[in-house]
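The structure appears right after this line, and notes come after that.
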């Protein structure tokens, strides 16, 4: 039944059209029945349907993020805050995971046996434990094992780590000044004030996402670098290229061609795995949808919006990676 | 020929200290490793408490691990809310499932005449063991099933149910009917673009609204259906790769021998396609095993959720969550690492 070239079609063509027509008709009938039935059920329960629920007040507050707000804000704003929180954790996680994953992937190919062993141990350990377990462990460590906000850990001047989160310096624009002033957090009597802060929930999701995906990225980078034929490296060495020049002009361009598509897949997985934030209370999209669902009871509308947003995010990331892939594969055979 | 190739493999020490940069790197890494390993050893072994003694654990004050939480809460962690008097059934069911998987992994058993009766008898037996209601066994509702048996059951049953659907989707994607191709593609892209949690939410919140009140399936059945539909999309992509790898000549030869279209697929193409992608199927199985941990979010207490049940409501043992998580992580790690080793063995010996 494959559409391969060269092999003539088998069977009667009109049977194919009849079959397809039947298939589409059957599916359409099933879908129509399902929708009719759902509407009847909703009417029987007295529940309303319709997307106008998104203009009503949310009834719950969003605790953190770029669009954090009170419970009186509209539901669509709460959903937007959730989407922004997803992006807010996914983007830095993508950067972090690429850096850490590349380092570990290169470490697995290192001549140094200790570096090789440690990288292999990292990949084999992190890859075989579910991300949810790692996330819950990280969250427990950040909320129970760190000191209180009254006596935070001082990592560096202006960087304080405690149960309340991580506080760090942040530029603050003041009226009449051309350049922003760096606002340093100070450890006060009860908590750390000043600067910017990120919550332990955000930190837990960011760390768990980055470190988990980094183990897969490491394998992808390793496979990509190994896919470059050894003759290429030998030829470049014969031409007098230094180690760094070999890497930059010969190995990396060819390795990237094998790495980029799989990397894109991992970025997509990362964006979808950010949905695990619901397990620790980070208000990203799934968490907001869950709360909204319980508050308003409009399961269909909330879930439809959430799935549409995730599909859109997946399409965007896939398109971006495709663009990168086209650049990288420009001169491939 | 280099010196190394002439004299055999160089020793580990000579590569670690081959030149100044390598030597410095080795020393720095060794120092870091020594520091981390010694603090880990002192926490996990030297100062640790090994028996279930809450007072001794409190006296530790965080300097050592309280491994006593594992024997104390073992049955709650492994079996969740399953009634304690009936937990022998859950344990037997777990052993039966592991035995089924072990036998199916043994190449000597790779014959339909062996595998089909094994699973057709084994799986319903496990379900009866867990659910009860027959042979004088007390009924245990599915919302009380939990822990390791639930994880294994969801993984195995999910994969088994997803397989036929995945084969159908893969064949449809490569068929000459445009309608089948498009529908299959839409389904796979749709399901792969959303996270598993959203599919589980759909199953537990949306499905009850869509189905009539008389059809209300319990949570486990809904989650199982959602998981099977989700896994089918990923599995179908793997099988599609396998179908692509079978040479065209096989199909032509099968047709020349007079086999019908379904016979061509069943007897010639599919066996070769599946054998070619067995390692990738094992990878999907590892992913499914890890993904079953997400059912915690829809109130099914699998291995991860059972831990929260066991420790969350117990103020005496609650501070020792980390040791509990490490134990659960070890169980998952053992299963996934075993599966990945099996996949690698299969890749080497069954290509």
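The values are calculated or read from the model by the stated rules, or taken from the named source; none is laboratory data. All of these numbers come straight from a predicted model, not from anything done at the bench. Every residue, glycine among them, receives a Cβ derived from its backbone with ideal geometry; neighbour counts consider all protein chains shown.
The single condition among (1) more than 17 Å from the chain's Cα centre (by Cα); (2) surrounded by fewer than 21 Cβ atoms within 10 Å (Cβ to Cβ); (3) more than 9 Å from every other protein chain (Cβ to nearest Cβ); (4) over 19 Å from residue B:197 (Cβ atoms) that residue B:239 does not meet is (2). From the list A:20, A:36, the one residue that fits, being within 9 Å of chain B (Cβ to nearest Cβ), modelled with pLDDT of 80 or more, farther than 30 Å from residue A:283 by Cα and not in a loop (DSSP other than H, G, I, E, B), is A:20.
Quick one: in segment A:39-56, of everything that is within 11 Å of chain B (Cβ to nearest Cβ) and assigned to a helix (DSSP H, G or I), which residue is modelled with the lowest pLDDT?
Looking at the filtered set, the residue picked out is A:45.
Scanning segment B:31-57 for residues that are assigned to a helix (DSSP H, G or I) and surrounded by 13 or more Cβ atoms within 10 Å (Cβ to Cβ) yields B:33, B:42, B:43, B:44, B:54, B:56, B:57. Being in contact (Cβ under 8 Å) with a residue 12 or more places away in the chain and in contact with a helix residue (DSSP H, G or I) (Cβ under 9 Å, 6 or more places away or on another chain) holds for only one residue in B:16, B:52, and it is B:52. Filter segment A:155-172 down to residues that are touching a helix residue (DSSP H, G or I) at 6+ places or on another chain (Cβ under 8 Å) and either without any contact (Cβ under 8 Å) to a residue 24 or more places away in the chain or facing chain B (nearest Cβ under 7 Å) (or both), then give me how many there are. Selection size over segment A:155-172: 0. Please determine whether any residue of segment B:334-341 is over 18 Å from the mean Cα position of the chain (by Cα) and either more than 24 Å from residue A:136 (Cα to Cα) or in contact (Cβ under 8 Å) with a residue 60 or more places away in the chain (or both). There is no residue in segment B:334-341 that is over 18 Å from the mean Cα position of the chain (by Cα) and either more than 24 Å from residue A:136 (Cα to Cα) or in contact (Cβ under 8 Å) with a residue 60 or more places away in the chain (or both).
Examine segment A:194-210 for a residue that is over 22 Å from the mean Cα position of the chain (by Cα) and over 29 Å from residue A:98 (Cβ atoms), and state whether such a residue exists. Within segment A:194-210, one or more residues are over 22 Å from the mean Cα position of the chain (by Cα) and over 29 Å from residue A:98 (Cβ atoms).
Go through the residues of segment A:57-74 one by one and say whether even a single one is within 11 Å of another protein chain (Cβ to nearest Cβ), closer than 30 Å to residue A:216 by Cα and within 28 Å of the chain's Cα centre (by Cα).
No, every residue in segment A:57-74 fails to be within 11 Å of another protein chain (Cβ to nearest Cβ), closer than 30 Å to residue A:216 by Cα and within 28 Å of the chain's Cα centre (by Cα).
In the set B:170, B:217, only one residue is more than 8 Å from chain A (Cβ to nearest Cβ) and under 30 Å from residue A:44 (Cα atoms); that residue is B:217.
Taken over segment B:173-191, the criterion of being more than 8 Å from every other protein chain (Cβ to nearest Cβ) and in contact with a helix residue (DSSP H, G or I) (Cβ under 8 Å, 6 or more places away or on another chain) is satisfied by B:173, B:181, B:184, B:185, B:187, B:188, B:191. The test for being in contact (Cβ under 8 Å) with a residue 12 or more places away in the chain and at the interface with another protein chain (Cβ under 9 Å from one of its Cβ atoms) does not hold for residue A:146.
Inside segment A:281-312, residues that are surrounded by fewer than 23 Cβ atoms within 10 Å (Cβ to Cβ), farther than 18 Å from residue A:51 by Cα and more than 8 Å from chain B (Cβ to nearest Cβ) make up a count of 2.
Checking each residue in segment B:158-190 for being under 23 Å from residue B:124 (Cβ atoms) and crowded, with 18+ Cβ neighbours inside 10 Å picks out B:158, B:159, B:162, B:163, B:166, B:167. The residue pairs whose first member lies in segment A:213-240 and is surrounded by 18 or more Cβ atoms within 10 Å (Cβ to Cβ), whose second member is assigned to a loop (DSSP other than H, G, I, E, B), and whose beta carbons are closer than 8 Å, counting only pairs six or more residues apart or on different chains, are A:222/A:109; A:225/A:109. Every condition in (1) assigned to a helix (DSSP H, G or I); (2) without any contact (Cβ under 8 Å) to a residue 12 or more places away in the chain; (3) more than 14 Å from residue B:149 (Cβ to Cβ) is met by residue B:95 except one, and the failing one is (3).
Among the residues of segment B:77-99, are any within 19 Å of the chain's Cα centre (by Cα), at pLDDT 85 or above, surrounded by 20 or more Cβ atoms within 10 Å (Cβ to Cβ) and at positive phi? Yes. Within segment A:106-154, the set of residues being out of contact with any helix residue (DSSP H, G or I) (no Cβ under 6 Å at 6 or more places or on another chain), assigned to a helix (DSSP H, G or I) and surrounded by 22 or more Cβ atoms within 10 Å (Cβ to Cβ) comprises just one member, A:136. When residues in segment B:151-167 are screened for being within 11 Å of chain A (Cβ to nearest Cβ) and within 30 Å of residue A:8 (Cβ to Cβ), 0 of them pass.
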